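Engineer: Submitted below is the structure of interest, expressed as structure tokens.
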Amino acid sequence: MRIAHGRVTMMGSESVPVGIDPTKPSISRVYDALLGGKDFYDSDQRVVDHLIETMPQVDVLAKINRAILGRGVRYLAGEAGLKQYLDLGAGLPTMENTHQVAQSFHPDARVVYVDNDPIVLAHGRALLEQDKSTRVVTADLRQPDKVLGHPDVQKLIDFSEPVAVLLVGMLHHLHDDENPEAVVDGYLDAVPPGSHVFITHFLNEGPEAGPVEKSFLEFLGTGRFRTREEILRLFRGLELVEPGLVYLPEWRPDRIVRDKLTLAERLMVGGIARK
């Protein structure tokens, strides 16, 4: 896959695993395309092409979101000392995955990836077949009871010990009537004090967000941009760790952050909070 002249183009032949409809775009595959992956189909490419027409730097936005995943997990594993991770809406495996970062701090760290796209399971199993501390589960994060009750989750995660709940770039794909606040509560009610939640989300702040949100909703069917106040409600009852809810490049950066952020750098915010 390459990005050239503002277009994302799939290279090579397409193979379709059983249970996947390549005519319908997938959040995980669109994200994979934006990150420079290769596991996507024409329907996903069309979505990316439309997004790029609205915002040429949308692939940069995806990479910024991916970068904060690594920084966030380094905090959770290092400073917070967490050894259990529930990565919800994990997407396709790529560079610096959650289990790789967490296990670089704690070789015995346990990670369960959850996604509703069967292609994630197909690729994840192949990648992780030798890693007994990591599992990939096909489930819908909007159903916390089913996710938490899944045999692989029950086998790997000890809910008497702190858990990191990751919802990185996911809750904006839930519509208001799907009640993202209740989804977050469903997971946090199941984990003990000392657990953390890690959320990144599209931000509705300024006129530039409107056309991008419209493009996501029209061509992907999801992508709700919420206000800072709405996103803060997802953390209600929890203690936000420093620096709080901020633009993604400003969350514990590993490089100098420019005073004037680009549009791509201002379209998402993120934070980690402790129960």
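Engineer: Could you work out, for the chain, what percent of all Cα-Cα pairs fall into each 10 Å distance bin, beginning at 0 Å and stopping at the bin that holds the largest distance?
Structural biologist: 7, 31, 38, 21, 3, 0
Engineer: Counting other beta carbons within 10 Å of each Cβ, put Lys83, Lys260 in order, fewest first. Spell out each step's value before the answer.
Structural biologist: Values: Lys83 21, Lys260 6.
Exposure proxy ranking, most exposed first: Lys260, Lys83.
Engineer: Once you have the Cα-Cα distance between Thr94 and Arg125, take 0.36 nm times their residue separation minus that, and quote the gain in nm to one decimal.
Structural biologist: Full extension from Thr94 to Arg125 adds 9.8 nm.
Engineer: If you take the charge dipole of segment 58-274 about its Cα centre, with +1 on Lys and Arg Cβ and -1 on Asp and Glu Cβ, which of Leu217, Ile68, Pro193 is farthest toward its positive end?
Structural biologist: Most positive-ward Cα: Ile68.
Engineer: Something else: Using a basic spin-label model with each label point 7 Å from the Cα along Cα→Cβ, how many nm lie between Arg46 and Glu242?
Structural biologist: 5.0
Engineer: Starting with the fewest neighbours, write out Arg266, Arg29 ranked by other beta-carbon atoms found within 10 Å of each beta-carbon. It would help to have the intermediate numbers written out before the result.
Structural biologist: Numbers: Arg266 18, Arg29 26.
With the sparsest Cβ surroundings first, the list reads Arg266, Arg29.
Engineer: Order of Leu188, Leu51 from fewest to most other C-beta atoms within 10 Å?
Structural biologist: Ordered by Cβ neighbours within 10 Å, fewest first: Leu188, Leu51.
Engineer: Oh, and also: What does the charge add up to near Ala109, with Lys and Arg as +1, Asp and Glu as -1, over the other residues with Cβ less than 11 Å from its Cβ?
Structural biologist: Value of the local net charge: 0.
Engineer: Continuing with the same structure: Work out how much length Asp177 to Glu79 would gain on full extension: take 0.36 nm times their residue separation and subtract the Cα-Cα distance, in nm to one decimal.
Structural biologist: Values: separation 98, 0.36 × 98 = 35.28 nm, distance 3.60 nm.
Here the segment from Asp177 to Glu79 would lengthen by 31.7 nm.
Engineer: Sticking with this structure for a sec: Count of lysine pairs in the chain with Cα atoms under 20 Å apart, counting only pairs 8 or more residues apart in sequence or on different chains?
Structural biologist: Number of lysine pairs found: 9.
Engineer: Ok, one more. When only alpha-carbon atoms count, how far does segment 137-275 stretch along each of its three principal axes, as whole angstroms with the largest first?
Structural biologist: Over segment 137-275, Cα extents along the principal axes are 45, 35, 24 Å.
Engineer: OK, next. If each DSSP helix of 4+ residues adds -39,500 (n - 2.57) and the sum is divided by the residues in the chain, what number results at 222 nm, nearest 500 deg cm²/dmol?
Structural biologist: Values: 11 runs with 102 residues, N = 275.
Rounded to the nearest 500, it is -10500 deg cm²/dmol.
Engineer: Right, something else. Given the C-alpha atoms of segment 54-187, compute the convex hull and give its volume per residue in Å³.
Structural biologist: Working: hull volume 16.1 nm³, N = 134.
Dividing the Cα hull volume of segment 54-187 by its residues yields 120 Å³.
Engineer: How many angstrom lie between the C-alpha centres of segment 181-249 and segment 34-54?
Structural biologist: Computed from Cα coordinates, the inter-centre distance equals 23 Å.
Readers should treat all values here as calculations from the given coordinates under stated rules, not as data from a laboratory. A quick note: this is a predicted structure, and the numbers were derived from the prediction, not measured. Cβ coordinates were reconstructed from backbone atoms using ideal geometry, including for glycine residues, and neighbour counts include every protein chain displayed.
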